[in-house]
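One structure is given here, and the rest of the page talks about it.
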C-alpha cells in the first residue's frame, strides 16, 4: 500500500485539557505554530502542548512535548505561510 502525506497528520494537542489545537499535513507547519506562539506569548504559553504524529492507519505517536517541543520548533525550518499562522495563532487556547 502506498502512503502519502495526505494520509498522515501532525497534530498539536493541549495536554491538560486534552483538546486538539490544530492539525497539519506537514510537521514543519505544526512546529511553526508552536514557534510563533512562543515568540508571541513566551515559553510558558506552550509548555502544556504536545506534537503527535498520526499515521495512515490512525496510529498516534507523540513526537515531542513541552520543552523538547519548544526546542524542535526553534531549530526546524518554517514553511507555514504568514496568513495561515495569523489565522490560527490567536485562537490557540480560545475557550
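The values are calculated or read from the model by the stated rules, or taken from the named source; none is laboratory data. A quick note: this is a predicted structure, and the numbers were derived from the prediction, not measured. Glycine also receives a Cβ, built like all others from the backbone with ideal geometry; neighbour counts cover every protein chain displayed.
If residue 27 meets every condition in (1) more than 15 Å from residue 60 (Cβ to Cβ); (2) within 8 Å of the chain's Cα centre (by Cα); (3) touching a residue at least 40 places away in the same chain (Cβ under 8 Å) apart from one, which number is that one?
Against the list (1) more than 15 Å from residue 60 (Cβ to Cβ); (2) within 8 Å of the chain's Cα centre (by Cα); (3) touching a residue at least 40 places away in the same chain (Cβ under 8 Å), residue 27 comes up short only on (1).
Would you check if residue 63 is surrounded by 17 or more Cβ atoms within 10 Å (Cβ to Cβ) and touching a residue at least 60 places away in the same chain (Cβ under 8 Å)?
So residue 63 does not fit the description; no.
For the stretch 40-60, name all the residues that are loosely packed, with under 14 Cβ neighbours inside 10 Å and either closer than 18 Å to residue 23 by Cα or in contact with a strand residue (DSSP E or B) (Cβ under 8 Å, 6 or more places away or on another chain) (or both).
Those that are loosely packed, with under 14 Cβ neighbours inside 10 Å and either closer than 18 Å to residue 23 by Cα or in contact with a strand residue (DSSP E or B) (Cβ under 8 Å, 6 or more places away or on another chain) (or both): 55, 57, 58, 59, 60.
I need every pair where a residue in the stretch 1-20 that is over 19 Å from residue 32 (Cβ atoms) has its Cβ under 6 Å from the Cβ of a residue that is surrounded by 10 or more Cβ atoms within 10 Å (Cβ to Cβ) and modelled with pLDDT under 95, sequence separation at least 6 or different chains.
Listed by first residue and then by second, the contacts come to 3/56; 7/56.
I'd like the full set of residues that are surrounded by 21 or more Cβ atoms within 10 Å (Cβ to Cβ) and out of contact with any helix residue (DSSP H, G or I) (no Cβ under 7 Å at 6 or more places or on another chain), limited to the stretch 21-36.
Selection gives 21, 30.
Check every one of the helices (runs of 4 or more DSSP H) wholly within the chain and list those with 3 or more residues that are modelled with pLDDT of 90 or more.
27-41, 66-75
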